Amino acid sequence: MKETRPDWEIYERMVARLIADQSETGLCVTPNAKVMGKISHTTRPIDVVIEARHDTDNTRRLIVDAKHRRQKADVKDIEELLGLVNDVGATHGYLVTSSGYTKAAGRRTQMSASIRIMPVDRLENFDPSTWPKCKNPLCKQGRIFWDGYPEMSLKGFPVDKSSELKTMRFVHYVGKCDRCGTFHVWCITCNDTLLVQHDNEEDHGHQCRCRLPWFWLASVEEDEESCKSAELHAALGNGQIITVDRRGL
Ligand SMILES: [Zn+2]
Ligand SMILES: [Zn+2]
């Protein structure tokens, strides 16, 4: 059965993809995020969240509201965004719209919110249903959104038996499902895709078929203000643990 997604959802994913491709590596991007409001104490859906990748640090969060529709964005849209910025403790909110905005909306933007226009004509060549399927058996038609590319290196003798000690590099893709948010790791070397759940206490880590001295595991972490985030870590053979991806909860 062909998977069909509504245009507004494809637009949201396109915005997320463009942001992820342009962000510095210290930031991670989450499409279709769900973050607990500090004021409302309720889960707030957010089209795209950009936040710190490597540390349990929720103070640099940016959020995006992507609006694919015919009408111009208006004052109410900006006010909703400002409310969301406030509630989830973001430093800035971007309203990305396909159809421009009213003058009043432009005046209503302030330090903590701004507007970007992204036309829909780019949508034609963009299809999230070509992304790999989420491996979570409970997930309904989620697709994996890759947003980080950690590389491990290992000194050793290569298989071609040349006597020279070489540094071998192993590239991975890390990301999360665009529906259920579960982390995944794709090892380019052996082509394994691992599902790494953050909310499973019994989960003690995952290794790809390369069986090299590192494994992947996920956890829930809390910052000083008790804001939670799901985090994906790489545990290296030397005992070092690196956080390679995150998403606010
Ligand atoms: Zn999923
Ligand atoms: Zn592998």
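Mind jotting down a quarter of the surface of the convex hull over the alpha carbons of the chain, in square nanometres, one decimal? Mind showing how you got there, number by number?
Numbers: hull surface 64.3 nm².
Over all viewing directions, the chain projects a mean Cα-hull area of 16.1 nm².
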| remark: Farthest towards the positive end of the dipole of the chain, among GLN197, HIS184, ALA235 and with Cβ unit charges of +1 on Lys and Arg and -1 on Asp and Glu, lies the Cα of HIS184
| query | If one takes the longest principal axis of the Cα atoms in the chain, at what angle in degrees, from 0 to 90 and to the nearest 10, does the Cα axis of helix 7-22 lie? | reply | 60
| field | In degrees, nearest ten, helix 75-87 long axis to first principal axis of the chain (Cα) | value | 40
| remark: Listed by chain and number, the aspartates and glutamates with an alpha carbon less than 19 angstrom from that of LYS38, same-chain partners under 8 positions apart left out, are ASP47, GLU51, ASP57, ASP65, GLU79, GLU80, ASP87, GLU221, GLU222, ASP223, GLU224, GLU225
| said: Under 5 Å between amide hydrogens, which residues at least 5 positions from VAL88 or on another chain qualify, with H placed 1.01 Å from N in the peptide plane? | reply: LYS38
| task | Provide the per-residue ³J(HN,Hα) series for the range 28-38, in order, calculated from phi with Karplus coefficients 6.51, -1.76, 1.60 and θ = phi - 60°, each as a whole number of Hz, with x at glycine and proline positions. | result | 10, 10, 10, x, 6, 7, 9, 10, 5, x, 6
| field | Simple Cβ-charge dipole of the range 131-248, Lys/Arg +1 and Asp/Glu -1, about Cα centre, in debye nearest 20 | value | 760
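Structure shown: which of LYS135/LYS228; LYS67/LYS135; LYS140/LYS176; LYS176/LYS228; LYS34/LYS176 lie over 21 Å apart, alpha-carbon to alpha-carbon? Walk me through the numbers on the way to the answer.
Values: LYS135/LYS228 24 Å; LYS67/LYS135 29 Å; LYS140/LYS176 14 Å; LYS176/LYS228 17 Å; LYS34/LYS176 13 Å.
Where the Cα-Cα span goes over 21 Å, the pairs concerned are LYS135/LYS228; LYS67/LYS135.
Peptides 77-85, 199-207, 35-43: what's the order by average Cβ count within 10 Å, highest mean first? Before the final figure, lay out the partial values.
On the way: 77-85: 19.1, 199-207: 11.6, 35-43: 13.9.
Highest-to-lowest ranking by the protection proxy: 77-85, 35-43, 199-207.
What do you get when you divide the Cα radius of gyration of the range 122-249 by 2.2 N^0.38 Å, with N the number of residues? Don't skip to the answer; put the middle values down first.
Working: Rg = 16.5 Å, N = 128, 2.2 N^0.38 = 13.9 Å.
Relative to the rule-of-thumb radius for its length, the range 122-249 sits at 1.19.
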| Helix-only CD estimate at 222 nm, as mean residue ellipticity for the chain, using -39500 (n - 2.57) per DSSP H run (n ≥ 4) | -4500 deg cm²/dmol
| note | The ³J(HN,Hα) series, computed from each phi in the range 49-55 with the Karplus coefficients 6.51, -1.76 and 1.60 at θ = phi - 60°, rounded to the nearest Hz and given as x for glycine or proline, is 10, 10, 8, 4, 8, 9, 10
| message | Checking the cross-link filter: which aspartates and glutamates have an alpha carbon closer than 16 Å to that of LYS155, excluding same-chain neighbours under 8 positions apart? | response | GLU164
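What percent does the relative contact order of the chain come to when contacts are Cα pairs within less than 8 Å and at least six residues apart? Kindly include the intermediate steps, with their values, before the conclusion.
Values: 540 pairs, mean separation 37.1, N = 249.
Dividing the mean separation by the residue count of the chain yields 15 percent.
So which GluC sites (Glu not before Pro) in the range 206-249 end up in coil per DSSP with only 16 or fewer other C-beta atoms within 10 Å? It would help to have the intermediate numbers written out before the result.
Numbers: sites: GLU221, GLU222, GLU224, GLU225, GLU231; in loops: GLU224, GLU225.
In loop regions of the range 206-249 (DSSP not H, G, I, E or B), the sparsely surrounded GluC sites (Glu not before Pro) are GLU224, GLU225.
Suppose every Lys and Arg Cβ carries +1 and every Asp and Glu Cβ carries -1, with no other charges. What dipole size does the chain come out with about its Cα centre, to the nearest 20 debye? Before the final figure, lay out the partial values.
On the way: 35 positive and 36 negative charges, 154 e Å.
With Lys and Arg at +1 and Asp and Glu at -1, about 740 debye.
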| Estimated dipole of the range 1-42 in Debye, rounded to 20 [Cβ of Lys and Arg +1, of Asp and Glu -1, Cα centre] | 180
| request: Would you mind checking which residues have amide H under 5 Å from LYS67's amide H? H placed 1.01 Å from N; only 5 or more apart, or other chain. | output: VAL96, THR97, SER98
| request: Would you pull out the residues with amide H under 5 Å of PHE145's amide H, same chain only if 5 or more places away, H placed 1.01 Å from N? | output: LYS176, CYS177, ASP178
| said: Output wanted: per-residue J couplings in Hz (rounded whole) for the range 176-188, from phi through Karplus 6.51 cos²θ - 1.76 cosθ + 1.60, θ = phi - 60°, x for Gly and Pro. | reply: 9, 5, 7, 10, 9, x, 5, 6, 9, 10, 10, 8, 5
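Just so you know, all these numbers are worked out from the coordinates, no wet-lab data involved. This one's a predicted model, so the numbers in the text were calculated from it and none came from an experiment. Here the Cβ is made from the backbone with ideal geometry for all residues, glycine too, and neighbour counts use every protein chain on show.
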